[in-house]
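See structure below.
The values are calculated or read from the model by the stated rules, or taken from the named source; none is laboratory data. Only a predicted model underlies this, so the values are computations on that prediction, with no experimental measurement involved. Glycine gets a Cβ as well: all are built from the backbone with ideal geometry, and neighbour counts include every protein chain shown.
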């Protein structure tokens, strides 16, 4: 049986959005492997839930929102798992195992954006690199418009300070 037309359309559109989704996922996770897994999950969820998209606005904004929500859901589940593991370790008096994260191997520009304090990298990516409006970034990240503006100022100041410290010639 052939796939529904909407599913075919989103699959085609997803291919073009993969680089943007991956960049956004890296700013959320700070880890390439986790980002790739998040993008895969977002694509799967987008295809299976395409009937929930109202065809208003841009598809990438809807997918960014799914990514943010999925990451928040996973963080909540991991927090519960860690709490359960700690409780179990306390009962058995065994040390809890800590997961190690792999380092992000990307170019210096990616590293700089990823190194921004939490919350600043995603705002900077969405507004200054992907050219979303402040309103769109606020909707994607689920934060107030004023928070987008203040985080963007903080990100730009942080990046300017990094640039000043790396400058070969200071006037």
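I need the full set of residues from the stretch 40-50 which are under 14 Å from residue 13 (Cβ atoms) and under 14 Å from the mean Cα position of the chain (by Cα), in order please. Once the filter is applied, which keeps residues that are under 14 Å from residue 13 (Cβ atoms) and under 14 Å from the mean Cα position of the chain (by Cα), the stretch 40-50 yields 42, 43.
The set of residues in the stretch 1-31 being within 11 Å of the chain's Cα centre (by Cα) and modelled with pLDDT of 90 or more consists of 20, 21, 22, 23, 24, 25, 26.
Only a single criterion out of (1) at pLDDT below 65; (2) buried (at least 17 other Cβ atoms within 10 Å of the Cβ); (3) over 16 Å from residue 31 (Cβ atoms) is not satisfied by residue 167, namely (2). In the stretch 42-52, the qualifying residues are those that are touching a residue at least 24 places away in the same chain (Cβ under 8 Å) and surrounded by fewer than 17 Cβ atoms within 10 Å (Cβ to Cβ), and the one that is nearest to residue 16 (Cα to Cα) is 47.
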